[in-house]
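Asker: Dumping the structure here so I can ask a few things about it.
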Amino acid sequence: MTKTWKAPQAGEPKHSEAPKQPSPELAPGLYVVATPIGNARDVTLRALDVLKGVDVIAAEDTRVTSKLLAIFAISRPLVAYNDHNGPHERPKLLAKLRQGMRVALVSDAGMPLVSDPGYKLVREALAEGLPVHAIPGPSAPLTGLALAGLPTDRFLFAGFLPPKSGERRSFAAEWKALRATLIFFESPGRLAESLADLAAVLGDRPAAVARELTKLHEEVRRGSLNELAAAYAAEDQPKGEITLLVGPAGEAETDFTAVDAALDKALAFMPVRAAVDLISEMLKAPRKEVYSRALAKKKDDAQAD
């Protein structure tokens with residue numbers, strides 16, 4: 001007997017679809033939940049499950065989080081937890097966790113603990129042996145890094161740049177020798193000045209300005225720090241959230257004139273290996289190259305004799 005295949009009608013489940021199972025109840029603990037940095041559809045399915053299942057959501061700004069919850073028809077108790085009320089609200093949240101409740105921690109956008117006070121809550125929860133769970137997801141620094149076209153093997157997220165030029169230059173100087181892509185947050189009103197300050201301290205490195213990531217008017221500009229500083233200085237002030245990325249320091253160029261002069265003096269009274277060890281360390285020069293130049297000098301001196 002043959003069987004005839006019949007397409008499912010509207011509203012009928014497909015044969016290949018498994019019946020939907022209710023989500024298992026969340027375990028007690030603190031849930032650090034990443035939320036979209038722009039496009040609401042970037043929220044993960046796991047994040048939605050957690051937000052639906054917790055007893056309370058601690059939000060950086062309850063107004064911002066309320067909009068996200070409304071999009072996905074989630075209704076859970078909300079409390080504010082931010083820089084201003086952290087010392088007052090943190091003990092209350094810890095008390096809930098001690099009672100075996102489920103608490104979600106969210107920021108306005110992206111992964112909590114990145115440039116917000118969430119780490120203090122996590123630190124104190126861990127110190128008390130309370131369970132902490134991370135629900136990963138969108139992140140502006142990592143999204144910017146993916147789009148910048150800069151090296152990704154090593155990078156440093158340094159947070160917000162200081163608002164004043166002098167402080168900003170001192171801050172940038174801390175990372176000058178670091179051979180890693182640098183990632184900063186910056187406000188639109190200071191962007192051109194900050195790019196110029198970074199160029200003055202770090203040199204004219206390749207950079208990228210990522211603005212309004214994942215949103216309708218997303219824009220990523222790439223160029224040298226000086227080129228980008230000049231471009232933004234000549235335009236109207238940009239709008240939106242900005243992630244600024246700067247390429248790593250290059251290999252320092254060795255002054256081989258100084259190396260040769262030092263070798264001439266050292267080889268007059270020191271063995272080759274000792275002279276090479278001393279000079280390569282003193283002048284921060286590649287030992288292999290210093291050794292090669294030292295041998296050449298000894299050979300020249302022998303032929304001259």
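Asker: Go through the range 59-92 and count every residue that is within 23 Å of PRO117 (Cα to Cα) and touching a helix residue (DSSP H, G or I) at 6+ places or on another chain (Cβ under 6 Å). Even if it seems obvious, please write down each step before you answer.
Answerer: If we filter the range 59-92 for residues that are within 23 Å of PRO117 (Cα to Cα), which is where we start, we get 59-69, 76-92.
If we keep only those that are touching a helix residue (DSSP H, G or I) at 6+ places or on another chain (Cβ under 6 Å) too, we end up with 59, 78, 80-81, 90.
Residues in the range 59-92 being within 23 Å of PRO117 (Cα to Cα) and touching a helix residue (DSSP H, G or I) at 6+ places or on another chain (Cβ under 6 Å): 5 in total.
Asker: So GLN237 clears everything in (1) surrounded by 14 or more Cβ atoms within 10 Å (Cβ to Cβ); (2) touching a Gly at 6+ places or on another chain (Cβ under 7 Å) except one condition, right? Which one?
Answerer: With respect to (1) surrounded by 14 or more Cβ atoms within 10 Å (Cβ to Cβ); (2) touching a Gly at 6+ places or on another chain (Cβ under 7 Å), GLN237 is out only on (1).
Asker: Quick one: ALA210 ticks every box in (1) of a type in the set (A, V, I, L, M); (2) more than 30 Å from LEU142 (Cα to Cα); (3) in contact with a Ser or Thr (Cβ under 8 Å, 6 or more places away or on another chain) except a single one, so which number is it?
Answerer: (2)
Asker: Of the residues that sit in the range 226-250 and are of a type in the set (Gly, Ala, Ser) and in a loop (DSSP other than H, G, I, E, B), which one is modelled with the lowest pLDDT? Explain how you work it out, then say what you get.
Answerer: Taking the range 226-250 first, the residues of a type in the set (Gly, Ala, Ser) are 229-231, 233-234, 240, 247, 249-250.
With the extra rule that they be in a loop (DSSP other than H, G, I, E, B), the set shrinks to 234, 240, 247, 249-250.
Numbers: ALA234: 96, GLY240: 93, GLY247: 96, ALA249: 86, GLY250: 76.
Checked the range 226-250; the qualifying residue modelled with the lowest pLDDT is GLY250.
Asker: With the requirement that a residue be of a type in the set (A, V, I, L, M, F, W, C), under 21 Å from PRO131 (Cα atoms) and not in a helix (DSSP H, G or I), what does the range 29-68 give you? Spell out the reasoning first.
Answerer: Taking the range 29-68 first, the residues of a type in the set (A, V, I, L, M, F, W, C) are 30, 32-34, 37, 40, 43, 45, 47-48, 50-51, 54, 56-59, 64, 68.
Now narrow it down to the ones that are under 21 Å from PRO131 (Cα atoms): 30, 32-34, 47-48, 50-51, 54, 56-59.
Correct list: LEU30, VAL32, VAL33, ALA34, VAL54, VAL56, ILE57, ALA58, ALA59.
Asker: Could you check the range 121-153 and list, in sequence order, the residues that are within 22 Å of PRO36 (Cα to Cα) and free of Cβ contacts under 8 Å to residues at least 12 places away in the same chain?
Answerer: Answer for the range 121-153, where residues must be within 22 Å of PRO36 (Cα to Cα) and free of Cβ contacts under 8 Å to residues at least 12 places away in the same chain: LEU142, ALA146.
Residues are listed down the side, and each one gets a yes or a no for (1) closer than 25 Å to TRP175 by Cβ; (2) in contact with a Ser or Thr (Cβ under 6 Å, 6 or more places away or on another chain):
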| position | (1), (2) |
| --- | --- |
| ALA125 | no, no |
| LEU130 | no, no |
| HIS133 | no, no |
| PRO136 | no, no |
| ALA140 | yes, yes |
| ALA158 | yes, no |
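Asker: Sticking with this structure for a sec: Please find, among THR143, THR152, the residue that is assigned to a helix (DSSP H, G or I), out of contact with any Lys or Arg (no Cβ under 6 Å at 6 or more places or on another chain) and among the β-branched types (Val, Ile, Thr). Give the steps one after another, and end with the answer.
Answerer: Working: THR152 fails: assigned to a helix (DSSP H, G or I).
It is THR143.
Asker: Out of the range 36-83, which residues are within 17 Å of ARG102 (Cβ to Cβ), in contact with a Leu (Cβ under 6 Å, 6 or more places away or on another chain) and either among the basic types (Lys, Arg) or touching a residue at least 60 places away in the same chain (Cβ under 8 Å) (or both)?
Answerer: ALA58
Asker: Continuing with the same structure: For LEU150, which of the numbered conditions (1) on the phi > 0 side of the Ramachandran plot; (2) outside the structural domain of GLY38 (by TED's automatic domain parsing); (3) surrounded by 20 or more Cβ atoms within 10 Å (Cβ to Cβ) fails to hold?
Answerer: With respect to (1) on the phi > 0 side of the Ramachandran plot; (2) outside the structural domain of GLY38 (by TED's automatic domain parsing); (3) surrounded by 20 or more Cβ atoms within 10 Å (Cβ to Cβ), LEU150 is out only on (1).
Asker: Hey, another quick one. Surrounded by 15 or more Cβ atoms within 10 Å (Cβ to Cβ), assigned to a strand (DSSP E or B) and within 18 Å of the chain's Cα centre (by Cα): is that true of ALA208 in this structure?
Answerer: On the way: surrounded by 15 or more Cβ atoms within 10 Å (Cβ to Cβ): yes; assigned to a strand (DSSP E or B): yes; within 18 Å of the chain's Cα centre (by Cα): yes.
Here the answer is yes, as ALA208 does meet what is asked.
Asker: Right, here's the next one. Select from the range 45-61 the residues that are surrounded by fewer than 17 Cβ atoms within 10 Å (Cβ to Cβ) and under 28 Å from LYS239 (Cβ atoms) and list them in ascending order.
Answerer: ASP61
Asker: Just checking, how many residues over the range 95-120 are surrounded by fewer than 18 Cβ atoms within 10 Å (Cβ to Cβ) and without any contact (Cβ under 8 Å) to a residue 40 or more places away in the chain?
Answerer: Result for the range 95-120: 5.
The values are calculated or read from the model by the stated rules, or taken from the named source; none is laboratory data. Model, not experiment: these values are computed from the prediction. Quick reminder, even Gly has a Cβ in these numbers, built from the backbone with ideal geometry, and neighbours come from all protein chains shown.
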